[in-house]
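Colleague: What follows is a single structure, and I will ask about it in a moment.
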Amino acid sequence: PPEQNPSNKIPTAPTQVVAPEKPEFIDYLTGGCQISLAVAIDFTASNGDPRQEGTPHYFHPPASKEWNDYEKAIFAVGSILAKYDSDQRFPVWGFGAKYNNVVRHCFQCGTDVEVEGVQGIMDAYRGVFRTPLTMSYPTKFTEVISTAASYARHEQVSLALFDIPLSSLSLWYLI
């Protein structure tokens, strides 16, 4: 038989391997995924004394009509994500506060298990400061994430976890 010469072979185009695209938020929605927003807010002492101007939880005098960093973040993110939640009812949890000398790493904000609309989130957040809360240490996300995971067994949850250090706004957004 004639000797096979590899140089006589017809060249073929190299095979391209295309990695599947990572789905984006809109892909989940158009695919029929139902989103339910859950909110967790950081009440740890790393945020500073909420009575001191310049700290993230500081409430400005009502006449100024100015929001604190947390109110701004809750409204900005909540207003976007709430549009994708069909019932507009959201659980709101806090973490890192001390009640009766016990640090709570997950507690309900407000009087209801779920609040209605972004205004309900804002009201639940503000209401925490009318309780005997003491901001504390350490920052532990485990319990609040576990609570959200338990909630997610019944719903597809988008958890907006608000942790705002003094130097910058950082938002942990988990799907």
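Values in this text are rule-based calculations from the coordinates and carry no lab data. Treat the numbers as computed from the prediction; the structure is a model and nothing was measured. Cβ sites come from the backbone with ideal geometry, for glycine too, and all protein chains shown count toward neighbours.
Colleague: Could you tell me the extents of region 62-150's C-alpha atoms along the three principal axes, largest first, rounded to whole Å?
Modeller: Largest to smallest, the principal-axis extents are 39, 36, 21 Å.
Colleague: Additional query: Extending each Cα 7 Å along its Cβ direction at residue 126 and residue 64, get the distance between those two points in nm, one decimal.
Modeller: About 1.5 nm separates the two model spin labels.
Colleague: First obtain the Kirkwood hydrodynamic radius of region 46-110 from its Cα pairs, then insert it into the Stokes-Einstein equation at 20 °C and 1.002 mPa s, and state the resulting D in µm² per second as a whole number.
Modeller: On the way: Rh = 14.0 Å.
Here the translational diffusion coefficient equals 153 µm²/s.
Colleague: Turning to a different aspect of this structure: So how far apart, in nm, are the two label points at residue 113 and residue 29 if each is 7 Å from Cα heading toward Cβ?
Modeller: 2.8 nm
Colleague: Further question on the same structure: Compare the Cα positions of 79, 68, 134 along the charge dipole of region 37-149 (+1 at Cβ of Lys, Arg; -1 at Cβ of Asp, Glu; about the Cα centre) and return the one farthest towards the positive end.
Modeller: 134
Colleague: What distance in nm lies between label points placed 7 Å from Cα along the C-beta direction at residue 99 and residue 143?
Modeller: 1.0 nm
Colleague: Show me the ranking of peptides 68-76, 15-23 by mean Cβ neighbours inside 10 Å, starting with the highest. If you can, show how the numbers build up before the last one.
Modeller: Working: 68-76: 18.7, 15-23: 6.0.
Top to bottom by mean Cβ count within 10 Å: 68-76, 15-23.
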